[in-house]
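What follows is one structure encoded as C-alpha cells, with my remarks underneath.
The values are calculated or read from the model by the stated rules, or taken from the named source; none is laboratory data. In this text, all values refer to a predicted model and were calculated from it rather than measured experimentally. Note: ideal-geometry Cβ built from the backbone for every residue, glycine included; neighbour counts use all protein chains shown.
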Amino acid sequence: MNTATTTNYVLVPGFWLGASIWRAVADSLSERGHAVHAVDLSGMGERAHLASAETDLTTHIDDVVHLLEHQDLHDVVLVGHSYGALVTTGAADRAPERVARLIYIDSGPLPDGMAQADFGGPDARAANQDLVMTHGEGWKLPPPPWAALAAEAPEVDDDAVAALVEGSQPQPWRTATQPVVLSGAWEHLPRTVVLCTFSLEQVRQMAPHAPMFAHMVEGDWTYVELPTWHWPMVSRPAELAEVLDSVSC
C-alpha cells in the first residue's frame, strides 16, 4: 500500500442495512490502496443484538465518533448513504477536526429540528408508524420488500436482492423520530453529493421548497451525478467506488 496516497474512508449505511452492503465498494477502494472502515451501527448488521427501543440517532452518531476516536482516524472521508447522512453529519459536527470531507450518497443533511421520519411528509410518517406498531413490536420499522423495489432497477440481479434481504434488520424507530441537533461545525467542511435518483437541476428546482435540498445548494458543495437506483452500492458498486476515489482529496 502506498501510504502517501492512502485515504481513510468511513462508510455508513442507511436504514435497515449494515456494513456488508458496502462490501463491493470497500473492496474496490481497498484495492486502490485506501483504508476502509464500513460501519455496523448499533442494532444493525453484525451488531443486530444491540438493538433496543432506546436506540436512536444519537446512539448511531456515538458509534461513528467512537470509531474515529478509538482508531485515531484523521483526514477522514465520511460517506453517508440515505439515513446514514444524518449520522455522518452529526459525527462531523462533533469531531470536525478528524474529517476531511463529507460525501452524501443520494441524500443530504437535514436542518435542526427535523427528523428522518419527517422527510417524506406526514402521510409517509403515519404509514411507517403503523408498520412499527403492527409489525415491529411498537419500536422497530421492518425492512422493505427488496425484490419489489429492485424491480425498478435492471442493474440489480437476484444475488444482489438476496444480499439485501440477508443483510437487513428492522430499524429502531427512534433513529427516525429523534430530531437533528447540530452546532454548525460540520458546515465548515467540504462536502460532495452523489446524485442517483435525482439530478442537480432537480435539486436546484426543489431547493426553495424542501429544507434538505436548500442545505445542498448553500456553502461549499460539489456534485457528481451517478444515475441509478437509490442503493448505488448494490446497483453500480464499481462506478460508486470510482466516484468516491475521485472526490476524496
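Within region 199-219, if we keep just the residues that are closer than 15 Å to residue 105 by Cβ and in contact (Cβ under 8 Å) with a residue 60 or more places away in the chain, the residue that is surrounded by the most Cβ atoms within 10 Å (Cβ to Cβ) turns out to be 216.
Across region 99-147, what is the total count of residues that are of a type outside the set (Val, Ile, Thr) and assigned to a strand (DSSP E or B)?
6
Taken together, the residues in region 153-185 that are on the phi < 0 side of the Ramachandran plot, part of a loop (DSSP other than H, G, I, E, B) and not charged (D, E, K, R) amount to 12.
Just one residue in the set 122, 109, 96 is touching a Ser or Thr at 6+ places or on another chain (Cβ under 9 Å), more than 21 Å from residue 245 (Cβ to Cβ) and of a type outside the set (D, E, K, R); that residue is 109.
Out of the residues in region 28-51 that are aliphatic (A, V, I, L, M), part of a helix (DSSP H, G or I) and in contact (Cβ under 8 Å) with a residue 24 or more places away in the chain, which is nearest to residue 168 (Cα to Cα)?
The residue in question is 48.
Taken residue by residue, region 14-24 has at least one member that is surrounded by 19 or more Cβ atoms within 10 Å (Cβ to Cβ), out of contact with any Leu (no Cβ under 6 Å at 6 or more places or on another chain) and of a type in the set (Phe, Trp, Tyr).
Screening residue 246 against (1) out of contact with any helix residue (DSSP H, G or I) (no Cβ under 8 Å at 6 or more places or on another chain); (2) of a type in the set (S, T, N, Q); (3) surrounded by fewer than 20 Cβ atoms within 10 Å (Cβ to Cβ); (4) in contact (Cβ under 8 Å) with a residue 24 or more places away in the chain leaves a single unmet condition, (4).
Being touching a residue at least 60 places away in the same chain (Cβ under 8 Å) and either closer than 18 Å to residue 220 by Cβ or not β-branched (Val, Ile, Thr) (or both) holds for only one residue in 56, 63, and it is 56.
Restricting 86, 68 to those that are within 19 Å of residue 183 (Cβ to Cβ), part of a helix (DSSP H, G or I), modelled with pLDDT of 95 or more and more than 15 Å from the chain's Cα centre (by Cα) reduces the list to 68.
Listed here are the residues, each with its yes/no results for (1) at pLDDT below 95; (2) in contact with a strand residue (DSSP E or B) (Cβ under 8 Å, 6 or more places away or on another chain).
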position	(1), (2)
127	no, no
143	no, yes
153	yes, no
157	yes, no
174	no, no
188	yes, no
194	no, yes
203	yes, yes
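Of all residues assigned to region 4-15, none qualifies as being closer than 23 Å to residue 221 by Cβ and in a helix (DSSP H, G or I).
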